[in-house]
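The values are calculated or read from the model by the stated rules, or taken from the named source; none is laboratory data. Just so it is clear, the model here is predicted, and its values are computed rather than measured. No Cβ is skipped: glycine too gets one built from the backbone with ideal geometry, and neighbour counts run over all protein chains shown.
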Amino acid sequence: MSTSVPLTPERILEAAEETLRRFGPAKTTVVDVARALGVSHGSVYRHFPTKADLRDAVVDRWLQRMHPALAAVADGAGPAPERLRLLLWTLAETKWERAQDDPEFFSAFAELAEDARAPVVAHIDFVVARLTQVTAEGVARGEIASADPEATARALFDATARFHHPAGRSAWVRPRIDASFEGVWDLLRTGLLPRDSG
């Protein structure tokens, strides 16, 4: 088994995604991924020493694709409360769309993510850091009341989990989920606003 195209981690991950999409996590093996690439499974193991490493890399790659859009919102202009809403909305809507457009891989991702703790924790930390950034800016400008922007950011993430955690995907039916998000956000936004001192 040989190929003229260099075997790179990126090619392996592309093949792994396609294999997972077809067979699901339970039935996918490193041998299946290697076969799809036309290489030996030993060649795959040179890049990913274990099956768990390969699975973690697939989950990490999928989650990393969301980060540029989230960073763009965090670094954007406008009032902090509205940017927080847009950050959470972008996170949720991206997952809703992927669950609908590619249900086979989304189901595989959801199953893998339960065991891929390091990539999932890194993703959550990334999102919370962006929420913290915007919350802190809002506090500095008097738009948000928070004694601890990071704690507030984690609370926002946790409070909206049903809209972005894969375990909640059975409820992601539009337009009902959109209205539900807006209802939750209205409550959260009210809690973020500074109170009149007088």
For this session: For the stretch 104-121, name all the residues that are within 13 Å of the chain's Cα centre (by Cα) and of a type in the set (Phe, Trp, Tyr).
Result: Phe106, Phe109
Exercise. So which of Ala147, Ala136, Ala153 ends up being farther than 30 Å from Glu17 by Cβ, surrounded by fewer than 16 Cβ atoms within 10 Å (Cβ to Cβ) and either at pLDDT 95 or above or not assigned by TED's automatic domain parsing to the domain that holds Phe23 (or both)?
Worked result: Ala147
For this session: Test Pro68 against the criterion of being in the same structural domain as Gly142 (by TED's automatic domain parsing), in a helix (DSSP H, G or I) and either in contact with a strand residue (DSSP E or B) (Cβ under 7 Å, 6 or more places away or on another chain) or surrounded by fewer than 15 Cβ atoms within 10 Å (Cβ to Cβ) (or both), and give yes or no.
Result: yes
Exercise. Would a scan of the stretch 111-119 turn up a residue that is in contact with a Gly (Cβ under 8 Å, 6 or more places away or on another chain), modelled with pLDDT under 95, surrounded by 11 or more Cβ atoms within 10 Å (Cβ to Cβ) and under 20 Å from Gln64 (Cα atoms)?
Worked result: yes
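Please report, ordered by residue number, the helices (runs of 4 or more DSSP H) entirely within the stretch 113-198 with at least 1 residues that are in contact (Cβ under 8 Å) with a residue 12 or more places away in the chain and under 11 Å from Leu84 (Cβ atoms).
Helices (runs of 4 or more DSSP H) meeting the threshold: 117-140, 149-159, 176-192.
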Exercise. From the set of residues in the stretch 74-95 that are free of Cβ contacts under 8 Å to residues at least 60 places away in the same chain and assigned to a helix (DSSP H, G or I), which is surrounded by the most Cβ atoms within 10 Å (Cβ to Cβ)?
Worked result: Leu87
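Is the stretch 171-180 home to any residue that is under 23 Å from the mean Cα position of the chain (by Cα), aliphatic (A, V, I, L, M), over 18 Å from Glu97 (Cβ atoms) and assigned by TED's automatic domain parsing to the domain that holds Leu88?
Taking every residue of the stretch 171-180 in turn, none turns out to be under 23 Å from the mean Cα position of the chain (by Cα), aliphatic (A, V, I, L, M), over 18 Å from Glu97 (Cβ atoms) and assigned by TED's automatic domain parsing to the domain that holds Leu88.
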